[in-house]
Structure formats: structure tokens, C-alpha cells
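The values are calculated or read from the model by the stated rules, or taken from the named source; none is laboratory data. It should be emphasised that the depicted structure is a prediction, and the values quoted were computed from it without experimental measurement. As a convention, Cβ positions derive from the backbone with ideal geometry for all residues, glycine included, and neighbour counts pool all protein chains shown.
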């Protein structure tokens, strides 16, 4: 087998060939990117020649059937773009935000046996209705003692809108028919 050995002068010739090819590639790349062959930082690149025809020579042939002239969109400043993007992001977060809700079961105890629990439920549902509160579909009557029944009602509230203490206070304000209100269960949804 013959092995090819390079002498020192042959090596120098090979390196010079590669150096010349590198220089040619860098010049070509400079023209492609900057329009110059690596112009110094202080000098401006020459303006590229426009290949467009003047407006008078422009053909009116419409190949795609678009009759409308394109109107240029108004450009927004960087600050306006950032503000618009921030507002859009906040709107998405607000729309996607899961609101905390709570399901509550209340026990309403009447003052005596003469209180009509059906009418009391309708009164409570009509008078205590802040935004963010949804009353349950029905109610139950459970015996307490000596013929007295308590009213068991359920409701769902949005935690950021309704305070359960306010709901309980409004029901207890009906002093002529309500003795007390107790929270039977309080579950986060």
C-alpha cells in the first residue's frame, strides 16, 4: 500500500487554498446579508436597487380576482403593542380564572310551632338574594323537639362576592319568625 505523505510546502499550499475559499465565501455571505462585502461599521451599505416597475408601468392584470386595494395598516408604537398584549393577556386570565365557590347547608330554627316553614322559605329566598348567591332547588323540614321543626336549606356562593356571615345576619334579622341560624355544612367546590 502506498501512503500519501505531504511535505511542509504541500501543506502550506493546501491551507492557502482553504483560506482563499473561506475569503470568497465570507464575501458572498456579506453581499447576501448586508449588501456589501463586510463593510466597515462606519460606512453605510449601498442601497439595494429596486426591481419594481414604476406605478405607471404596473400591469392592472389581476390574476387572483382581488379587486380591493390593500390599505396599509396603521403601525402601533412599541409601547402601544406592549399595552395591548398585556390587556389581552389579563382578559384571557380573567376569563379562564376558576372562581372559588362554596356549598353551604343552613339550619333555620323558627321561634315557635306556629311559623309556616313553607312561607318562611319563600320569604328567605326572595329577600336574601345578593349577586353571587344561588339557592338550592328545595328544602327539608327536620324535627327538633316538642313539635318544632327546623328548615334545612342549601345555597352555593362565589367566595369573592358573597360573605356567608352577611347571609346569616340577613336571615336572623327576621326576628318575628327566625330564632337562630346554624351552618350545618360548608364545602368548597
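Say we look at region 145-171 and pick out the residues that are under 12 Å from residue 110 (Cβ atoms) and surrounded by fewer than 16 Cβ atoms within 10 Å (Cβ to Cβ); which of these is modelled with the lowest pLDDT? Steps first, answer last, please.
The initial filter retains those residues of region 145-171 that are under 12 Å from residue 110 (Cβ atoms), namely 147-151, 171.
Going one step further and asking which of them are surrounded by fewer than 16 Cβ atoms within 10 Å (Cβ to Cβ), we end up with 147-148.
Numbers: 147: 85, 148: 88.
The qualifying residue modelled with the lowest pLDDT is 147.
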I'd like to know if region 96-113 contains one or more residues that are at negative phi, in a helix (DSSP H, G or I) and modelled with pLDDT of 85 or more. no
Checked region 98-144 for anything loosely packed, with under 12 Cβ neighbours inside 10 Å, under 16 Å from residue 181 (Cβ atoms) and within 42 Å of the chain's Cα centre (by Cα); matches are 127
Filtered residues of region 128-166 (kept if in a loop (DSSP other than H, G, I, E, B) and over 14 Å from residue 101 (Cβ atoms)): 128, 129, 130, 146, 147
